[in-house]
1. Pop the C-beta distance of TYR305 and ALA331 into the FRET formula with R0 = 35 Å and round what comes out to the nearest 0.05.
2. What aspartates and glutamates could a cross-link reach from LYS163, if we take a straight Cα to Cα line under 16 Å and drop same-chain neighbours fewer than 8 places away?
3. Taking a cut-off of 18 Å between Cα atoms, list the lysines near LYS61, but don't count ones fewer than 8 places away on the same chain.
4. Got a sec to turn the phi values of the range 159-176 into Karplus ³J(HN,Hα) couplings, 6.51 cos²θ - 1.76 cosθ + 1.60 with θ = phi - 60°, whole Hz, x for Gly and Pro?
5. Go ahead and collect, in residue order, the members of the range 220-249 whose backbone nitrogen is under 13 Å from a label point 7 Å along the Cα-Cβ direction of ASP162.
6. Among TYR37, TYR264, PHE333, which residue has its Cα furthest toward the positive end of the charge dipole of the chain, with +1 on Lys/Arg Cβ and -1 on Asp/Glu Cβ?
7. Mind jotting down the distance between the C-alpha centroids of the range 70-89 and the range 190-260, whole Å?
8. Would you calculate the separation in nanometres between label points at ASP258 and GLU293, each defined as 7 Å from the Cα along the Cα-to-beta-carbon direction?
Amino acid sequence: MRILVTGAAGFIGSRLLHDLADRGDVVVGIDNLNDYYDVRLKYGRLAANGFPVSIEKGLPKGETTLVSARWPHARFIRMDIADKEAIDQLFEQEAFDKVVNLAAQAGVRYSITNPYAYLQSNLVGFLNILEACRNNGVLHLIYASSSSVYGLNAKVPYNEADKVDKPVSLYAATKKSNELMAHAYCKLYGVSMTGLRYFTVYGPWGRPDMSPMLFASAISRGEPIKVFNGGDMIRDFTYIDDIVEGTVRCIDREPEPDANGLRYRVYNIGCSNPVRLMDFISEIEQASGKEAEKIFLPMQPGDVYQTNADTSLLEQEVGYKPHITLHEGIARFMEWYRSDKNPLR
């Protein structure tokens, strides 16, 4: 298949590009390489996938398109999904069979102080992808939603049939908007749509603004860690291997028509085994061989007390079943964190 992966220098996108290219798909990855977090991590992910990128300097001077040394059928292009002209031209040239849209302005807390960044990437950019799909015969769009859409929903575990009309951050609101926009385009133009509500993802090459990297970094430097809501929080932590394996399964399976005849699905994709934040910290402490100094703080704006995924629909329809335990996943993450592969170590 010819597959486009947006956000290809991101945490999930870079690993997805790896797995798709490794099995023989023709893959084009795009990313705008913004500096929301340390861009060396994005360069490192690209370099790990065989692209000629310097972790310190980035892409070769004057180059915007790169070919992987590992897979000649995998390319990377520096491109912003908010650039409609560039996206339209790319789709016309490449004739993609399927598109996986993982590009977005990430971060719940960041959306409190930088709201316009979310509208440009998560709404304008997503609209550009939808338009390009319907105008160029794309068979199936798989896109990233988020567990944050559940907002103030107190019922757990979260089920896809639950109401998601009370978001607590602009980020969550944009992700719910993506689901609504995708439904409209599925109905109007017949493009198959699969939305994935990702729960808390962790593992090697993870984002530095997420708790695993923040905790590991602070502990390794002997610095205190910030523990919000006094440590009384629960998260459905899911290892990157399980997340990508489930995403690939969704790429390979076009949704069956629903009761309205639409090939449209939204799935939870998580571990279905929520963990208390203090237990998660304890696993990192054990793997680090150090006890963390903790600063207990109140709940932050935009955060929720718990996330807990009901993944039974994804299990029934695509055979998804996470298998990496938290203990094993943290051990793998910490091994990578301490290695020379980590550009931020």
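Bear in mind that the values in this text are calculations on the coordinates, not laboratory data. This structure is a prediction, so every number in the text was calculated from the model and none was measured. Cβ sites come from the backbone with ideal geometry, for glycine too, and all protein chains shown count toward neighbours.
1. Efficiency computed from Cβ-Cβ geometry: 0.80.
2. Filter leaves GLU179, ASP310.
3. LYS42
4. For the range 159-176, the Karplus-derived couplings read 10, 4, 7, 5, 5, 10, 10, 10, x, 10, 8, 5, 3, 4, 5, 5, 5, 5 Hz, x marking Gly and Pro.
5. From the range 220-249, the list is 234-236.
6. Working it through, the farthest residue towards the positive pole turns out to be TYR37.
7. One Cα centre to the other: 24 Å.
8. 5.1 nm
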